[in-house]
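A short worksheet on the structure shown next.
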Amino acid sequence: MTRRRTSSAERPPPNHDKRWRPALRKGPVCGFTLRGKTCEKKGAHYCEPRADKFVLFCAELLVHTKGPHRRKPFLLRWWQEHEIARPLFGEVIWSEEWERYVRRYRVAHIVVARKNGKSELAAAIQLYMLVGDDEEFAEVYSAAKDKDQAAKVFEPAVRMVQLSPLLRGRLRHLKDAGRLVDEKSHSHYGTITADAEGELGHNPHSFGLDEVLSQPDGSLWTAMTTAAGAREQELMFSTTTETNDSASFGAELIDEAERVMEDPKRAPHVFAFVRKSPRTPEALARVRRIFAGHPDLPVSTDAYDERNWKWPNPALDDFKSREALRRQALEARGSKLKENGFLQFQMNARVQQVTRYINLDLWDACAGEIAPGPDWVLPLIEGRKCWGGLDLSSKLDMTSLCYVFDNGWAWWRFWAPESIAPILDEHTGGQFSQWVADGWVELTDGDTIDYEAIYAAAVQDNDRFRIADITYDKWSGEPVRQEIEKRTGLTLHESNTTYERMTDPMKELARILKAADGELLHGGNPVARWMADNLEAKTPVDDPDRCRPVKPNRDKSGKRIDGMVTLLYGIDGRRRKPSESIYETRGLTVLGGREA
């Protein structure tokens, strides 16, 4: 008898065992068996029979509900199966708490352009979590901004049930209540909306949030994800297209998903599948580096080049029409409004001039030797020439002082009032307090920065290093400039974060990071790395060659970039036309007060 096909065989499958996973060795032999196939692996691993279970569930119990494949078996396409489903349901770790292997991924984000099958895939996931995951009293929810949007996932699930003899016989559709009920396991599946205050009593086994870009804030996501924890292997996932609001919850979630996709060690429990059309050469280079060898990689940043369409549209030429996309592209060329819609919804690109600026893999490659603490670097830089950058920010927030040395090293000081430590802990997963304990950040008493600490540091650094000059932000530093010049005799140069002042040092920083030849060494400073990850750049619409850093809204975001601004000021100082140094006239004052 010919075996029924369970997936779309578009190209050979990848080696799922090569996917990054935490090096966890605990646990007995897995032993999970499905249709004669038994997993013999131990520790954190890819369990093929578990992944098969979801793929078979889709192929044998579900059908497509619309489009050219309607009423045909729900055979996962290659990208759906091997880049989403198999990792999501096949990766497991040993749980000492539950004394069994459980799914590694508890959070998942799927970010693709519209009409790429997000709703039907989400429906398949929810039905599996309802009846295929062996969970008693499972609570499964789909959510969106409003009932109509939530129904776009729930209605395909209902239709799948209606067209499946087995599921139709097992599940009841309570139309008035808007629920699918499985009386055998006492489980149910329904929809909820963005009213987070009314959604605090749930115990979700699965929660799917559709079109995150439409959410007014993150309250619903937070309410549901914080309700998890009583299940052995819950799954909280989002499906969305890119947003055009960089300050929104959707942008924050999508940006974090991109970071996890690029560096899975960042959050081993989070799965991310993000396919966005790159808008800058830097973003294009990052995608091509991370996914080297992928057949669908874009070749340029031109959204109208059809060679670039497959990356944000993995369903193109299958159940997404290329001819329809061509018509939309043609219309978009003649209208700025339509072009923005084409870029956002069809190319899955954020329509704005603000983009992430630093790739962390490039940043990490410039660490040099990893410094266990800030003072470890001092023997490498004492007595050397350097250029400083000072960003006072606000008395109520972080302050940074950075020196860029002639041997490539960069060295930072960070200060913060103790009152903001809990806030920054919340946004760094508790890392901020550890940075303080390890000496990377100095806390000052009270609610404001103690400027005396800055003055004392400047005097000490002036004795320790050959400081050519210090560049500072003129909008917040005039009294401090006067005091530092008075106490040290140094020259402080005004600057700001405008296009005029920042384009050159930002481009120089990008060049240095790409070169990775020792021109910048940072020792793995964890605070600077956090800020490098937060740095975004803005370019004017009429002149994309210019750029400047974007300071985050501190009231809405836990992001800080002060250390990057001071690094740029230091680079700017080093690139200015050399002027006579005070050391050439008075010599170098060393610790103890003698002249060299």
Could you check, for the stretch 1-21, whether at least one of its residues is open to solvent by less than 10 Å² (accessible area, probe 1.4 Å), more than 24 Å from Met160 (Cα to Cα) and assigned by the TED database to the domain that holds Thr240? no
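Conditions tested, residue by residue: (1) open to solvent by 70 Å² or more (accessible area, probe 1.4 Å); (2) within 30 Å of Arg350 (Cβ to Cβ); (3) modelled with pLDDT under 95.
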{"residue": "Ile125", "(1), (2), (3)": "no, yes, no"}
{"residue": "Met129", "(1), (2), (3)": "no, no, no"}
{"residue": "Asp133", "(1), (2), (3)": "no, no, no"}
{"residue": "Ala150", "(1), (2), (3)": "no, yes, yes"}
{"residue": "Gln162", "(1), (2), (3)": "yes, no, no"}
{"residue": "Asp176", "(1), (2), (3)": "yes, no, yes"}
{"residue": "Asp182", "(1), (2), (3)": "no, no, no"}
{"residue": "Ser187", "(1), (2), (3)": "no, no, no"}
For the stretch 209-257, give me each residue that is of a type in the set (A, V, I, L, M), within 17 Å of Asp146 (Cα to Cα) and open to solvent by 20 Å² or more (accessible area, probe 1.4 Å). Leu213
I want to confirm something. Restricting to the stretch 422-453 and keeping residues that are under 22 Å from Ala371 (Cβ atoms) and either hydroxyl-bearing (Ser, Thr, Tyr) or open to solvent by less than 10 Å² (accessible area, probe 1.4 Å) (or both), which single residue is modelled with the highest pLDDT? Val441
First in the stretch 461-472 and assigned by the TED database to the domain that holds Trp387 and touching a residue at least 40 places away in the same chain (Cβ under 8 Å), second anywhere and in a helix (DSSP H, G or I) and open to solvent by 10 Å² or more (accessible area, probe 1.4 Å), Cβ under 6 Å, 6 or more apart: Asn462/Thr488; Arg466/Tyr583; Thr471/Asp572; Tyr472/Arg481
Residues within the stretch 316-342 that are farther than 20 Å from Thr243 by Cα and not polar (S, T, N, Q), tallied: 14
What pairs come out if I take residues in the stretch 133-149 that are closer than 11 Å to Pro204 by Cα and pair them with residues that are open to solvent by 100 Å² or more (accessible area, probe 1.4 Å) and part of a loop (DSSP other than H, G, I, E, B) whose C-beta lies under 9 Å away, six or more apart or interchain? Phe137/His186; Ala138/His186
Test for Glu183: is it within 24 Å of the chain's Cα centre (by Cα) and among the charged types (D, E, K, R): no
Among residues belonging to the stretch 218-234 that are touching a Leu at 6+ places or on another chain (Cβ under 8 Å) and under 21 Å from Leu88 (Cβ atoms), point out the one that is modelled with the lowest pLDDT. Ala227
Applying the selection to the stretch 65-91, what residues are in contact with a Gly (Cβ under 9 Å, 6 or more places away or on another chain) and either β-branched (Val, Ile, Thr) or buried (at least 19 other Cβ atoms within 10 Å of the Cβ) (or both)? Arg77, Gln80
Answer yes if at least one residue in the stretch 367-378 is open to solvent by 30 Å² or more (accessible area, probe 1.4 Å), in contact with a Gly (Cβ under 8 Å, 6 or more places away or on another chain), modelled with pLDDT under 90 and not in a loop (DSSP other than H, G, I, E, B), and no otherwise. no
Suppose the filter is outside any strand (DSSP E or B), in the same structural domain as Ala85 (by the TED database), touching a helix residue (DSSP H, G or I) at 6+ places or on another chain (Cβ under 9 Å) and in contact (Cβ under 8 Å) with a residue 40 or more places away in the chain; does Ser246 pass it? yes
What are the pairs, 6+ residues apart or on separate chains, where a residue within the stretch 93-106 that is among the hydrophobic types (A, V, I, L, M, F, W, C) has its Cβ under 6 Å from a residue that is open to solvent by 20 Å² or more (accessible area, probe 1.4 Å)? Ile93/Leu24; Trp94/Lys26; Trp94/Gly27; Trp98/Glu232; Val102/Glu232
Provide a single number: the residues in the stretch 261-277 that are surrounded by 21 or more Cβ atoms within 10 Å (Cβ to Cβ) and modelled with pLDDT under 95. 0
Condition test on Ile370, is it touching a Phe, Trp or Tyr at 6+ places or on another chain (Cβ under 6 Å) and among the β-branched types (Val, Ile, Thr)? no
Search the stretch 458-498 for residues being more than 21 Å from Arg574 (Cα to Cα) and either part of a loop (DSSP other than H, G, I, E, B) or open to solvent by less than 30 Å² (accessible area, probe 1.4 Å) (or both), and hand back the single one that is modelled with the lowest pLDDT. Ser476
Would you pick out the residues in the stretch 319-350 that are over 29 Å from the mean Cα position of the chain (by Cα), open to solvent by 50 Å² or more (accessible area, probe 1.4 Å) and closer than 20 Å to Ser119 by Cβ? Ser321, Gln328
Restricting attention to the stretch 343-364, and to residues there that are modelled with pLDDT under 90, among the polar types (S, T, N, Q) and part of a loop (DSSP other than H, G, I, E, B), which single residue is farthest from Thr240 (Cα to Cα)? Asn359
Consider the stretch 154-177. How many of its residues are free of Cβ contacts under 8 Å to residues at least 60 places away in the same chain and within 34 Å of the chain's Cα centre (by Cα)? 4
Okay, strands (runs of 3 or more DSSP E) sitting entirely in the stretch 73-128 with 2 or more residues that are in the same structural domain as Glu139 (by the TED database) and within 23 Å of Arg11 (Cβ to Cβ), I get 107-111
Evaluate the following for Val436: is it within 30 Å of Glu508 (Cα to Cα) and of a type outside the set (Gly, Ala, Ser)? no
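The values are calculated or read from the model by the stated rules, or taken from the named source; none is laboratory data. Just so we're clear, the structure is a prediction, and the values are computed from it rather than from any experiment. Here Cβ is always computed from backbone atoms with ideal geometry, including for glycine, and neighbour counts include all displayed protein chains. Note: areas computed on protein heavy atoms with side chains; ligands, DNA, RNA excluded. Shrake-Rupley method; radii C 1.70, N 1.55, O 1.52, S 1.80 Å.
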